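Enquirer: Can you read through this structure? Questions will come right after.
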Amino acid sequence: DMQGIKYADAMFEFALAGVTDNRLFELLADRAQIELNRFGPKVSCRALNVLQIIEKIAVAGVRKHPIYDLALSLVEQKRFSIPNDSSQDLLLSSTVKALKNGTFSLFADRPLLWLWRF
């Protein structure tokens, strides 16, 4: 049973392994969206957790998926629920800006960091 970030993890690993099946990635992104709808609004799910999910999905090459809109709304809700956390605000600001203007993709700063790490 795959819960939480597992769908995004699978997409990330498949992409690094060279899988290019767009249909597979779309199906996994759909399931990741269902999971994000389920656990994203919970207090235990931090904005950073939401970012990690969409960053891994972006690394897999998925663009223009509804999960990005869901993630933007969740991150904005969580972002303003943490008072005076300038370090998190700085981390979130570039991603939120990219999500809002539709430029969030593999070539955004944070998804590129995943490639650099692995």
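The values are calculated or read from the model by the stated rules, or taken from the named source; none is laboratory data. Predicted model, so just to flag it, every value in this text is computed and none were measured. Reconstructed Cβ throughout: ideal geometry from the backbone, glycine too, with neighbour counts over all protein chains shown. These area figures cover heavy atoms from the full protein model, side chains too; ligands, DNA and RNA do not enter into them. Shrake-Rupley method; radii C 1.70, N 1.55, O 1.52, S 1.80 Å.
Enquirer: Relative contact order of the chain, please, whole-number percent, based on alpha carbon pairs below 8 angstrom and at least 6 residues apart. Walk me through the numbers before you get to the answer.
Expert: Numbers: 111 pairs, mean separation 33.4, N = 118.
Across the chain, relative contact order equals 28 percent.
Enquirer: In the neighborhood of E13, defined by Cβ-to-Cβ distances under 13 Å, what is the net charge if each Lys or Arg adds +1 and each Asp or Glu adds -1? Numbers along the way, then the final one.
Expert: Working: positive: K6, K56; negative: D9.
Within the 13 Å Cβ shell, the charges total +1.
Enquirer: Using only Cα atoms, tell me the angle between helix 86-101 and the longest principal axis of the chain; keep it within 0 to 90° and round to the nearest 10.
Expert: 60 degrees
Enquirer: Taking Cα atoms, how many degrees apart are the long axis of helix 47-59 and the longest axis of the chain, rounded to 10 and kept between 0 and 90?
Expert: It works out to around 30 degrees.
Enquirer: Let me ask something else. Charges only on Cβ, +1 for Lys and Arg, -1 for Asp and Glu: so what's the dipole of the chain about the Cα centre, in debye to the nearest 20?
Expert: Values: 15 positive and 13 negative charges, 34 e Å.
So the dipole magnitude of the chain works out to roughly 160 debye.
Enquirer: In nm, to one decimal, how far is the S44 label point from the K100 one, both placed 7 Å along Cα→Cβ?
Expert: Between S44 and K100, the simple spin-label model gives 3.2 nm.
Enquirer: Less than 20 Å apart at the alpha-carbon level, and either on another chain or at least 8 residues along: which aspartates and glutamates does that give for K64?
Expert: Of all the aspartates and glutamates, those that pass the test against K64 - Cα under 20 Å, at least 8 places apart if same chain - are D9, D21, E26, D30, E35, E55, E76, D109.
Enquirer: Could you tell me which residue out of L48, F25, A60 lies farthest along the dipole of the stretch 1-87 toward its positive end? Charges go on the beta carbon: Lys and Arg +1, Asp and Glu -1, centred on the Cα centre.
Expert: Checked the options; the winner is L48.
Enquirer: Per residue, what accessible area does the stretch 16-78 have, given a 1.4 Å probe and all protein chains present, in Å²?
Expert: Here the residues of the stretch 16-78 average 50 Å² of exposed surface.
Enquirer: With every protein chain in place, what's the accessible area of R38 (1.4 Å probe, Å², nearest 10)?
Expert: 110 Å²
Enquirer: Still on this structure, please answer the following. Work out, step by step, the length gained on full extension between R63 and R117: first 0.36 nm times the residue separation, then minus their alpha carbon distance; give nm to one decimal.
Expert: Contour length minus the Cα-Cα distance gives 17.3 nm.
Enquirer: When the accessible area of the chain is split by element with a 1.4 Å probe, what percent falls to carbon and sulfur?
Expert: 56 percent
Enquirer: With every protein chain present, what accessible area does L106 have (1.4 Å probe, heavy atoms only), rounded to the nearest 10 Å²?
Expert: 40 Å²
Enquirer: While we're on this one: For the chain, what is the calculated [θ] at 222 nm in deg cm²/dmol (nearest 500), taking -39500 (n - 2.57) for each run of four or more DSSP H residues and dividing by its residue count? Intermediate results must be reported in sequence, preceding the final value.
Expert: Working: 6 runs with 81 residues, N = 118.
Taken over the chain, the calculation gives -22000 deg cm²/dmol.
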